[in-house]
1. Using every alpha carbon pair in the stretch 1-90, what percent of pairs falls into each 5 Å bin from 0 up to the bin containing the largest distance?
2. Roughly speaking, to the nearest percent, how much of the chain's 1.4 Å accessible area is carbon and sulfur?
3. Tell me which of 49, 75, 34 sits at the most positive position along the dipole axis of the stretch 29-80, charges placed on C-beta atoms (Lys, Arg +1; Asp, Glu -1).
4. With every protein chain left in place, what is the accessible area per residue of the stretch 92-213 in square angstrom, probe 1.4 Å?
5. To the nearest 500 deg cm²/dmol, what mean residue ellipticity at 222 nm is calculated for the chain from DSSP H runs of n ≥ 4 alone, each contributing -39,500 (n - 2.57), summed and divided by the residues?
6. Over the residues of the chain, compute the C-alpha Rg and express it relative to 2.2 N^0.38 Å.
7. Would you calculate the separation in nanometres between label points at residue 14 and residue 151, each defined as 7 Å from the Cα along the Cα-to-beta-carbon direction?
8. Given 0.36 nm per residue, what is the gain on full extension from residue 181 to residue 120 after removing their alpha carbon distance, in nm?
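The values are calculated or read from the model by the stated rules, or taken from the named source; none is laboratory data. Predicted, not measured: the structure shown is a model, and the values here were computed from it. Here the Cβ positions follow ideal geometry from the backbone for every residue, glycine too, while neighbour counts run over all protein chains shown. Surface areas here come from the heavy atoms of the whole protein model, side chains and all, with no ligands, DNA or RNA. Shrake-Rupley method; radii C 1.70, N 1.55, O 1.52, S 1.80 Å.
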Amino acid sequence: MRLSELSERSGVSTATIKYYLREGLLAPGRRISATTADYDEAHLRRLRLVRTLLQVGGLSVAAAGEVLRHVDDDSLGRTFRLGAALWALPHPPAPDAEEGDEAQVTARREVDLMLEELGWESARELAPVNPDHTSLVEAVASLIRLGYPWNAEMMTPYARMMHQVAVHDLDFVETYPSESERVEAAVAATILFEPILRAMHRIAQQEETVRRYGIT
């Protein structure tokens, strides 16, 4: 398809598509003349992923480029390719904790106990470099500071439910035929499924509250 058709099918202006091409977010089309290139369904799929990263995920162009470089790095195996792409997504910065912060020390211990209870060995091994592990520890530490003593026993049932969510996530990803499509789908799902899951969690809480206490 020509650039104009790619623009029409994607809903993205030709000027914006040309900008993405210049920034390396979209691969060049197949050159058919000095001024014309041909684009295919992979370009359309990638363009939709770029829009998701920028508009829904709120990534900068530079951050989106980093994610897409990992998506396209076929020198990596599936696990590392997917992990590198997901870790490149933005994470909240870890606040500066004072040395010996008792809440953080306790939180880290309880998170490690939870991972041990679940038998998540790879998660324990990757913990020092995994930004999501850092985020989890800090969130638990914040609860502890507020007087809510979250521990491994309380977290484990939630983690088991999240594992089932992860199973469904990867079942969805594996419905796509090519490796690049699977990694792209995983990145898109991370951005789009998290607000869906958050909303469903809140709706479920509202429903259970009404069931227990009625509407007053």
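1. 3, 14, 24, 23, 17, 12, 6, 2
2. Numbers: 7620 of 13840 Å².
Ligands and nucleic acids excluded, carbon and sulfur reach 55 percent.
3. Positive-end residue among those listed: 49.
4. On the way: 8410 Å² over 122 residues.
So the stretch 92-213 comes to 69 Å² accessible per residue, rounded to a whole number.
5. Details: 10 runs with 145 residues, N = 216.
Only helices count here, giving -22000 deg cm²/dmol.
6. On the way: Rg = 21.3 Å, N = 216, 2.2 N^0.38 = 17.0 Å.
After normalising by residue count via 2.2 N^0.38 Å, the value is 1.26.
7. Modelled inter-label distance: 6.7 nm.
8. Values: separation 61, 0.36 × 61 = 21.96 nm, distance 2.70 nm.
In short, 19.3 nm is gained.
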